[in-house]
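The values are calculated or read from the model by the stated rules, or taken from the named source; none is laboratory data. Here the structure is a predicted model, which means the values were calculated and not measured. With ideal geometry, Cβ positions are generated from the backbone for all residues, glycine too; neighbour counts draw on all protein chains shown.
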Amino acid sequence: MLARSILGALFPEAMIHYLENYGAEKFSEIFLGEFDTPEAIWNSEMRRYMIEKIAAHIADFSPRLMSNVRAIYQYVPIPAISFPQLEEELFCNIYYLRHLCNETRFPDWEIKNPVSFLKDVLGAWKKEVEKKGPNMSYDEAYDTLRLPKDKAPFNESQIRKAYFRMAQKYHPDKNPEGRDIFEAVNKAYEFLCTKKKRVVDGPDPQNLLLILKTQSILFRRFKEELAPYKYAGYPALIKTITMETGDVDLFSKAEPLLPEATELAFHTVNCSALNAEELRRENGIEILQAAFARCVSMLSFSSTQDDVAVKVCMHVCRCYAVAAQFEECREKFMADSN
């Protein structure tokens, strides 16, 4: 629905899903209210910001219409509005993962379809891992909009005028051959008008952390529903554990992934014998042993439960305790010990 709806460029994706899932009446309550939940983040500040962006987009037409009621609006689609309030949010399925993972504020928040949700989270994980840095530079954006680089930087009004000029010329409705240029113009406009406080080159550690936490929540809360399915995320999970274990800065990182990754390994194995076998087949037993060896050497009498090394050792031991119930996993343990 997001791609088909004219509202897709105006609202956050969550709002479009809310309209689709709950109907117009519930959507209007969200639109006019103040909400900060795993399914809806919307408030008066965001509402005002959206109105300002729409007003700026049609600004040149408003005075023309007042002077000539028959004035014709030269249609140019408004680029997607990027809300600063959602900059640190990761939206997946129908949930904001940062809120969903905050189980202090939102304990046992209703998850309607855990199987479908897990599939989407795995998709988001793949997308995040494959994320590259910005695919456009400022110079490239200026070139696309035919803005002279020697006069940069430009304010949003100047950028918008350049966008309108190019978009009107190459809009597919007027210029069927101009679709590629039109799409490039849209990307350039969005790139120049999106001012992000936090710019990450490649995969975002915060997003990866949320993706791991969300999966642990799903396996912990919906063990019976997920038990019939073999976990498809082991290649990415084992790669994460391997990379984190070998990171020389593991114990000084602001957002270490190893505790969350090893906890997820435990929850997947605890959910199903299928997963225990899959973990063994993917050499997960050895990978977890390497993580344990790296962390156990850091333990001391002053260690606390919040220390990275303590968390990792606890999760690996719990994972092994469950895996040891299965004969082939026990054989693997004995083979490794020899």
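Do we find that LYS253 is within 24 Å of the chain's Cα centre (by Cα), basic (Lys, Arg) and farther than 21 Å from ARG294 by Cα in this structure?
So LYS253 fails the test.
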- What number of residues in region 144-165 are in a helix (DSSP H, G or I) and either within 12 Å of LYS187 (Cα to Cα) or touching a Cys at 6+ places or on another chain (Cβ under 7 Å) (or both)? 4
- Note on the structure: Checked region 214-255 for anything in contact with a Lys or Arg (Cβ under 9 Å, 6 or more places away or on another chain) and more than 19 Å from LEU274 (Cβ to Cβ); matches are GLU244, THR245, GLY246, ASP247, LEU250
- Note on the structure: When region 95-142 is checked residue by residue, the ones that are modelled with pLDDT of 95 or more and aromatic (Phe, Trp, Tyr) are TYR95, TYR96, PHE106, TRP109, PHE117, TRP125
- Message: I need the full set of residues from region 11-42 which are among the aliphatic types (A, V, I, L, M) and surrounded by fewer than 17 Cβ atoms within 10 Å (Cβ to Cβ), in order please.
- Response: ALA24, LEU32
- Index of the failed condition, LEU97 passing every other in (1) within 26 Å of ASN186 (Cα to Cα); (2) surrounded by 17 or more Cβ atoms within 10 Å (Cβ to Cβ): (1)
- Just need a number here: residues in region 67-111 that are free of Cβ contacts under 8 Å to residues at least 40 places away in the same chain and closer than 19 Å to HIS17 by Cβ. 2
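When you check ILE30 against the structure, is it in contact (Cβ under 8 Å) with a residue 12 or more places away in the chain, part of a helix (DSSP H, G or I) and more than 24 Å from LEU208 (Cβ to Cβ), yes or no?
Spelling it out, ILE30 is indeed in contact (Cβ under 8 Å) with a residue 12 or more places away in the chain, part of a helix (DSSP H, G or I) and more than 24 Å from LEU208 (Cβ to Cβ).
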- What is the residue count in region 259-278 for residues that are buried (at least 23 other Cβ atoms within 10 Å of the Cβ) and either in contact with a Cys (Cβ under 8 Å, 6 or more places away or on another chain) or not in a helix (DSSP H, G or I) (or both)? 5
- Item | All positions within region 294-338 that are charged (D, E, K, R), exposed (fewer than 11 other Cβ atoms within 10 Å of the Cβ) and at pLDDT 90 or above | ASP306
- Note on the structure: Considering region 141-164, residues that are over 15 Å from LYS53 (Cβ atoms) and of a type in the set (A, V, I, L, M, F, W, C), and then whichever is surrounded by the fewest Cβ atoms within 10 Å (Cβ to Cβ), we arrive at ALA152
